[in-house]
Each structure stands twice: as C-alpha cells, then as structure tokens.
Amino acid sequence: MSLPTDNEKAVPSQPFHPLRLERTPTPFSVPNDVTPLSPPRTKSAFNLDVDAFDASGKGEGQIDYRTMGWVKAGALIMAETIALGILSFPSVFHRLGMFAGVFATVAFALLSWLTGYVLVQFKVNHPGVMNFADAGTVVAGRRGFWLFGVMLTVKSVFIAGSHALSGAIALNTISSGAVCNIAWSAIVAIIAFLLMIPRTFDKLSYISFLSVTAILTACVITMIATGVQQPTDLPKYPSLGPVQWKAFENHGLVDTVNALTNIIFAYGGHVAIFSFASEMRRPGDFKYSLALVQIVATLWYVVVGATIYRFGGQYVTSPALTMTSKPVLISGVVASTIAAKFIFLTLFRGTPRLTSRSARTWAVWIGICAAIWTVGWLIAEVIPFFSDLLSVISSILTVWFTYGLSGVLWLYDHGPHGPRARKRRFKESNANEGKWAGYFGSGWARAGFAMSVFVIAMSAAIMVLGMYAAISSIADNYKSRLYGSPFSCAGQNSV
C-alpha cells in the first residue's frame, strides 16, 4: 500500500478560542487534481463555516436557539430600529427643514437598506458568523474580533443607558416630577433586566411586537395632541414667536450634523443583524425582515417628523413626547441582549454550555445581564441629556455598524481573499479573470465597489464631524446650564 501524499494526509482541526493564547492554523486541503487555494488569511478563531448553536448540540436539556421565522425577526429589528430614534425626528426636521428632512431620511433609508443586505449576504457566506465580532474575525483575525467586539459591547451598553434615560424622561413627564429622577431610571433598568432574562430572541420577539405597537401608538397620540392643542400649550411659547415651519432650515454646522447623526441612529439596528439571523431557521430569509423594517420605519419617520414639525415648528423638542402629556416607556432590552449574547457566546462557544439549561449557565447569563444594565444605568445618570447622547453614539459607533463596516465586509467577500475569489479559482472558465475581478469584473461589481468605498469614506467623515458637533453642543449646553447635574433628582432637560 502506497503512503498518502501530503494533500491526502488528514490534518486535525483545533480551532483556537479568543480567550486562549494559542493559535492553530485552520487546515486546508484539496484534491490532487485541483489547483490548491490559499487558506483564508483570517486564521479564524472558530470554524466559521459552522453555526455555533448547531455545533454545541441539540437535545434534552439543551436550548434550541434557531426557531424564528422572518416575521419575528422583523419585529425584533423594528423594535431595535424604531424604538428610540423616532422620537427625535421632529427635532431633525426642525434642524434641516421640511423638504431637506424628508430627503435626508429617504436617502439614508435606501443606503442603509443596501448595507443591511450586504450584512445578510455576509452571514449566508459565513454561517458561523454570529455577531459583528465574528465578522471582524473573518476580516482581520484576533484583532478584528476584539475591535468589533468591544465596539458592539460599548454601543449596546450606551444604548441601554439612553433607553433608561428616555424612560426616566417619560415617567418624569407623566408624574410631573413626583419621584426622584434617579428612581425612575433605576425602575426602567430593573424592568429591562427582568425582561432580558430569556436567552432566546424568539421569546423577546413577543415583547418586540408590544414595544413597536406601544411606540407607534404613542407617536399617533403625540401627533394628534400636537395638532389639536393650542400654541400656548407648547413648551416655551411664545418666546420664539409664532409657530412656523420652513422647507429648509440652517441652524449652523453643529445642529445640521447632529440632525444627520440622529437619522443615522434611527437606522442603527444593523448591529443586531448577525445576532438575529443566527437564531432564524433560515438566516438568508432575514432579507425579508430587513425590507419590512426599512419600509415601515421610513414611512413612520417621515410622517411623525413632518406632522409634529408642521404643528410644533420651532418649538419641537427631542424626544417629542415632552411636547404633550401622553406617556410612553421604551426599553433597551433587545439592544442590551445583543451585547449579553456576544459575551456569553465568547465564554462558552464550542462547549455544550452554550445551549445548556444548567443552573450554573443560567447564573452566568443573569450576571452578564445585570452587569450590562448596571453600567447602562450609571451612564444614564452621569450623562443627563438625550439628543446629544444619540449624536455621540452615532458619531463613534452607529455610523460604522450601519454603513462603514458593511463596505469593509463587502470588499473582503469580493476581494482576492474572499469566498467568491476562491470559488472562481475552482472554475476553469474564470481562471484568468484576475484577483480583482470581484471588484471590477462586471457592472454590478463596480457599483458594489463604489458603494463600499463611499460608505467607508462617508462614515469616517461623519464620525469626525459628528464628534465635533456633539462635543461642541454638549459644551455649549453645559455653559448655558441646560443640563442637570449627574445623579440629580431634578427632571432631565431635553435639547
């Protein structure tokens, strides 16, 4: 019997874990009659061709995560997208003007639809990508994992804080300041923590239906109340003169950039796409969920922003719920669960504990959830403002998750190291296309390349301008004493 050739020798697979120091290259072998492909340059921390939940096993005593259809996933992404951003749109229209507000909202909606579709396709190409940190692993190995993972965690915790602050504003409004504001934000954080305990998004999807219904109902009530109430009921009326709206507004660079970052924040649910798709029976169906949320969210953003701006004019506030006495309570359960799942997956990936129902596993999960909301609550108290908080988050992180990183992932998948390039090398008819054929080989490829470069450049520019605008706005508002002090029982001022 002849000895096996090098290409026929079995190579044991020992993928490294991100919490371990050792690294074992991913094996790569091909039949003798096929030109070998170079292994993916990512040196993946996991086998990203295998879904992590499937790899942990299913059976008695194990949780089956992959149970959602596209409707439930659509409810989740809608709750994540619409919940908080919609309340700032009247202020966005006031800063940009009626026509400019509609135009900017629709333009960002179309662009985010395209970038969201890129993320869905990336998930289909890499089934083991469970979150953005895994996507970072595909592109840049260990460094990409930790960079994207830290970004994801920081964003989710800050979102939790902004939701706690929003809930405190709402409860403070309905109670007319009857209870200390610290208590209101703590109540919101505790309720959110309790709702976060279920470990599957399938359970949270039911809460998401209620959340979306509640926020849209509140928006309708706010629009009706703003339309029927007398101008004298508007905050600060008549200090700014008669109520009026304009097709275009110019409030300077800071306000304009803040308005744009608020729109970006309103389409910032992309950070959850990998996590939601990973718990679907068919992850590729998330493209239907994406279409649903983009259409519904954009219609509501335009209607709410234009209607309240029409009747409130220069007196609109952010969040708009402070323009009327009708209450609304928004939770950040879905956003914070994304960070909790990333941490939990990092700890237990590749082990049966990932899907285990054991008491120890539940204790770890509950501890992670409690830690996230404790930090989020502290943020809500230390940073006592709303609109500028959204600008800070959007400028640093949301713009990249929604737009810029989609460009990076598209360039990887269609570049010389991506799966499309490796497939082309197996096909004799495409052997001479060149390693850049994924970028320039067709009209669609060139369009995708141009869009990817554009969203990366746009994200970098908005990050710099947004940080400048947010910091300037925060400094000016503190100088004018428009904000309360940290850990203050006084109601928070909206700006």
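Filter the trypsin sites (Lys or Arg not before Pro) in segment 134-185 down to the DSSP loop ones having no more than 11 other Cβ atoms within 10 Å, then list what survives.
On the way: sites: Arg142, Arg143, Lys155; in loops: none.
Of the trypsin sites (Lys or Arg not before Pro), not one in the loops of segment 134-185 has a Cβ with at most 11 other Cβ atoms within 10 Å.
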- request: Measure off 7 Å from each Cα along the Cα-to-Cβ vector at Ser175 and Leu299, then give the distance between these two points in nanometres to one decimal.
  value: 3.7
- request: Taking all protein chains together and a probe of 1.4 Å, list Lys287, Lys479 from the most accessible to the least accessible.
  value: Lys479, Lys287
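When you count, for each residue, the other Cβ atoms within 10 Å and take the mean per peptide, how do 270-283, 157-170, 218-231 rank with the highest first?
157-170, 270-283, 218-231
Assuming R0 = 51 Å, can you tell me the calculated FRET efficiency for the pair Ala370 and Val453, based on Cβ-Cβ distance, to the nearest 0.05?
0.75
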- request: Only loop residues by DSSP count here, and only those with at most 11 other Cβ atoms within 10 Å; note down the trypsin sites (Lys or Arg not before Pro) in segment 167-248 that meet that.
  value: Lys236
task: Report the calculated FRET efficiency for Arg281 and Val220 (r = Cβ-Cβ distance, R0 = 25 Å), to the nearest 0.05.
output: 0.15
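May I ask you to compute the full-extension gain from Thr200 to Gln244, defined as 0.36 nm times their residue separation minus their alpha-carbon distance, rounded to one decimal in nm? Don't skip to the answer; put the middle values down first.
Numbers: separation 44, 0.36 × 44 = 15.84 nm, distance 4.75 nm.
Difference between extended and current length: 11.1 nm.
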- prompt: Shape call for segment 47-147 from the C-alpha gyration tensor, a ≥ b ≥ c root eigenvalues: rounded (a/c under 1.5), prolate (a/b greater than b/c) or oblate?
  reply: prolate
field: Spin-label model distance (nm) - Ala107 vs Trp362, 7 Å beyond Cα toward Cβ
entry: 5.2
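Here is the link list: Lys341/Lys479; Lys72/Lys155; Lys155/Lys203. Which ones come out longer than 30 Å on Cα distance?
Numbers: Lys341/Lys479 40 Å; Lys72/Lys155 23 Å; Lys155/Lys203 23 Å.
With Cα atoms farther than 30 Å apart: Lys341/Lys479.
The values are calculated or read from the model by the stated rules, or taken from the named source; none is laboratory data. Everything numeric here is computed off the predicted structure, so don't read it as measured data. Cβ: placed from backbone, ideal geometry, glycine included. Neighbour counts: every protein chain shown. Just so you know, the surface numbers come from the protein's heavy atoms only, side chains and all, with ligands and any DNA or RNA stripped out. Shrake-Rupley method; radii C 1.70, N 1.55, O 1.52, S 1.80 Å.
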